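> Dumping the structure here so I can ask a few things about it.
The values are calculated or read from the model by the stated rules, or taken from the named source; none is laboratory data. As the structure is a prediction and not an experimental result, all values here were calculated from the model. When we count neighbours, we look across all protein chains shown, and the Cβ atoms used for this are built from the backbone with ideal geometry, even at glycine. Note: areas computed on protein heavy atoms with side chains; ligands, DNA, RNA excluded. Shrake-Rupley method; radii C 1.70, N 1.55, O 1.52, S 1.80 Å.
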Protein chains: 2
Amino acid sequence: MSSTLLLKPDPKLDLVLERVIDAPRELLWTAWTTPEHVRQWFTPKPWIVTDCEIDLRPGGLFRTRMQSPDGKEVNDRHCCYLDIVPNERLVWTDALLPGYRPSGDPFITAVISLQPEGKATRYTATAIHRDEATRKNHEEMGFFDGWGTVADQLAEYVKGI
Amino acid sequence: MSSTLLLKPDPKLDLVLERVIDAPRELLWTAWTTPEHVRQWFTPKPWIVTDCEIDLRPGGLFRTRMQSPDGKEVNDRHCCYLDIVPNERLVWTDALLPGYRPSGDPFITAVISLQPEGKATRYTATAIHRDEATRKNHEEMGFFDGWGTVADQLAEYVKGI
């Protein structure tokens, strides 16, 4: 069934980053859904993405392994795609693993929305949390700074592809 | 995108109940996806279902409120549909709430599969867990007895609709 329920973000529970990026949304979609592209912009520098796996279908794996410059800190995230509308919307969660298996460490569902705005794209990244405490914690961890930096890196990167 | 990843059940992590039910799968689908039907067979008697809400789309709510005969024990489960293939497959999880919001209390993803077998239906109910301990706990809680009773109640109920 194609009709999917995505609720309007709840300011108490969710965090939303919005930008207009000077690139067509098809290019942003490609950058988001191709492992060799994702590695180039997905984590705020000087951290790097050392591995990325994408199985682009509902229930499929979205894995990103990020590490600090000295390699001592590692964040290896195994997520599950939920909703995929090419060039328009990408939804995944770390509450599930591939094949929809519940994970042991649920934190967010993420929604990337791409809407055309002239020749540019309105880029909206939403983080959906289970409760106010988790939302607050994520904000204090630096959501806007981190996801903002990533959006900047993405905007810069797609100029070259 | 229509292609969905469902992994083969893992005996260490998952529990599978299989039956052949003497009814066409369209009827079983209707019984599974209509609140007034679900109320009649979804919980092992003498427990009853007092409320059922169904928003039959990916990200939509599947809620069942079950209570003991004396009304003192209540199990009000809010789940999220993940994959819906009419007359064939229904997948939901309690790791997410409607709109794909992570829940605070993830336990299982459930898959109901309906395959025609002559005029009857091969009915397969799979419970997918995050780890071996959760699978073991679910088995000890009485998965086979409980889900088996529910399958019997379903088979009996659909004779009358």
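> Consider B:P86 against the criteria (1) open to solvent by 60 Å² or more (accessible area, probe 1.4 Å); (2) touching a strand residue (DSSP E or B) at 6+ places or on another chain (Cβ under 7 Å): it satisfies all of them except one. Which criterion is unmet?
That leaves (2) as the condition not met.
> Then there is this: Could you grab me the full set of residues in region A:107-122 that are more than 7 Å from every other protein chain (Cβ to nearest Cβ) and assigned to a strand (DSSP E or B)?
A:A110, A:V111, A:I112, A:S113, A:L114, A:Q115, A:P116, A:E117, A:A120, A:T121, A:R122
> For region B:122-151, name all the residues that are more than 23 Å from B:L7 (Cβ to Cβ) and crowded, with 17+ Cβ neighbours inside 10 Å.
Result: B:V150, single match.
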